[in-house]
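Q: Sharing a structure, written as structure tokens. Questions coming.
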Amino acid sequence: MAAAEPAVAALPGGGGAGAGAPSGTVPVLFCFSVFARPATVPHGAGYELLIQKFLSLYGDQIDMHRKFVVQLFAEEWGQYVDLPKGFAVSERCKVRLVPLQIQLTTLGNLTPSSTVFFCCDMQERFRPAIKYFGDIISVGQRLLQGARILGIPVIVTEQYPKGLGSTVQEIDLTGVKLVLPKTKFSMVLPEVEAALAEIPGVRSVVLFGVETHVCIQQTALELVGRGIEVHIVADATSSRSMMDRMFALERLARTGIIVTTSEAVLLQLVADKDHPKFKEIQNLIKASAPESGLLSKV
């Protein structure tokens, strides 16, 4: 702990900082909701490392759209107190993560430097089965052209390509960061996570493809669980069943995921008619996206 901060109270019955822990680490009890899990952190760990440990222990239960406060158990008060400014772990202690009652509003701001496009399973064998597939192909191609113009990384997956074929020929994959085969429905694979880690400052994913209620939905939920804001492009996303598509989009919107359109995404990314790439983006959207049967089924 920093010298200017008050001493951290030890757990009742606890030993020294190294008792039962590897050299250079400190035992900490991490509490969240009704759970309490012991773990170790490096000596001198501060707020950020504690948050990372909470996410590793409870990530599947933490709603990333909420604000949290980390608190430390203080024996002199017999209760938890807010983590002191500049806190660093120096001895055995007990901390908890407390969600605040007010949920964060998802603003949905997009900037090219913090955005990645995900193109999900736009494959040949889906052509006869997916409703309005030709329409979402044309919109998907427009999005990928926009990504190339703005220098936005693109990650593409193909669901079991051995049986379902490769990405349709109309989709130009020139310059994409990654094209990856998969059998898992979600696009969030280890290779995708590694690719995201190579891109500094990623905050938002623009997601489109098929099927809305399966791969799109599962990808979106996993990304949100990792703290990434998701924008689903409604005019570039479909399913075999319009009922499945409709209820998936409704469910995702209630989760805080942003359901939007290709034109809204592209214009939000340039943000200003004086943007150096505005004319190129304007040329892409001069012809409106197809007003197909998707329009009345959102």
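The values are calculated or read from the model by the stated rules, or taken from the named source; none is laboratory data. Since we're looking at a predicted model, the values are computed, not measured. Note that we place each Cβ from the backbone using ideal geometry, even for glycine, and neighbour counts take in every protein chain shown. These accessible areas exclude ligands, DNA and RNA; they are computed on the full protein's heavy atoms, side chains included. Shrake-Rupley method; radii C 1.70, N 1.55, O 1.52, S 1.80 Å.
Q: At 1.4 Å probe size, with the rest of the protein present, what percent of the exposed accessible area of the range 25-99 is carbon and sulfur atoms?
A: Working: 2120 of 3960 Å².
Carbon plus sulfur share of accessible area: 53 percent.
Q: If exposed means no more than 16 neighbouring beta carbons inside 10 Å and the site is in a DSSP loop, what's the longest run of the chain without any exposed GluC sites (Glu not before Pro)?
A: 77-169
Q: Restricting things to alpha carbons, find the Rg to Rh ratio for the range 237-296 using the Kirkwood radius for Rh.
A: Numbers: Rg = 14.6 Å, Rh = 13.6 Å.
Using only Cα positions, Rg/Rh for the range 237-296 is 1.08.
Q: From the mean inverse distance of alpha carbon pairs (Kirkwood) and the Cα radius of gyration, derive Rg over Rh for the range 78-159.
A: Details: Rg = 22.9 Å, Rh = 18.0 Å.
Over the Cα atoms of the range 78-159, Rg/Rh equals 1.28.
Q: Cα-based count: Lys pairs in the chain below 22 Å, eight or more positions apart or different chains?
A: Value for the chain: 13.
Q: Here's a follow-up. Which ³J(HN,Hα) values, rounded to whole Hz and listed in residue order, are derived for the range 39-54 from phi using the Karplus coefficients 6.51, -1.76 and 1.60 in 6.51 cos²θ - 1.76 cosθ + 1.60 with θ = phi - 60°, glycine and proline given as x?
A: Once rounded to whole Hz, the list reads 7, 10, 9, x, 4, x, 4, x, 4, 4, 5, 5, 4, 4, 5, 4.
Q: Let me ask something additional. Can you put D121, D63 in order of accessible area, largest first, using a 1.4 Å probe?
A: D63, D121
Q: Which percent of Cα-Cα pairs in the chain sits in each 5 Å bin, short to long?
A: With a bin width of 5 Å, the distribution comes to 1, 5, 11, 13, 14, 12, 10, 8, 7, 7, 6, 4, 2, 0, 0.
Q: Please compute the modelled spin-label separation between A197 and A36, points set 7 Å along Cα→Cβ, answer in nm with one decimal.
A: Using points 7 Å along Cα→Cβ, the separation is 3.3 nm.
Q: Let me ask something else about it. Placing one identical point scatterer on every Cα of the range 115-285 and ignoring solvent, what is log10 I(q)/I(0) from the Debye formula at q = 0.08, 0.12, 0.16, 0.20 Å⁻¹?
A: Here the Debye-derived log intensity ratios amount to -0.21, -0.48, -0.90, -1.45.
Q: Rounded to a whole number, what % of the accessible area of the range 110-189 do carbon and sulfur atoms account for, probe 1.4 Å?
A: Working: 1770 of 3210 Å².
Here carbon and sulfur together make up 55 percent of the probe-accessible area.
Q: OK, next. Would you calculate the convex hull of the Cα atoms in the range 25-99 and tell me its volume per residue in Å³? Intermediate results must be reported in sequence, preceding the final value.
A: Numbers: hull volume 6.7 nm³, N = 75.
Convex hull of Cα atoms, per residue: 89 Å³.
Q: Same structure, new question: Under Stokes-Einstein, with the Kirkwood radius over Cα pairs standing in for Rh, what whole-number D in µm²/s applies to the range 193-298 at 10 °C and 1.306 mPa s?
A: Values: Rh = 14.9 Å.
In µm²/s, the coefficient rounds to 106.
Q: When ligands, DNA and RNA are left out and all protein chains stay put, how many square angstrom of accessible area per residue does the range 25-99 have with a 1.4 Å probe? Mind showing how you got there, number by number?
A: Numbers: 3960 Å² over 75 residues.
Heavy-atom accessible area per residue stands at 53 Å².
Q: Are there chymotrypsin sites (Phe, Trp or Tyr not before Pro) in the range 33-99 that DSSP puts in a loop and that have at most 14 other Cβ atoms within 10 Å, and which ones?
A: On the way: sites: F35, Y47, F54, Y58, F68, F73, W77, Y80, F87; in loops: W77, F87.
Hits after loop and neighbour filter: W77.
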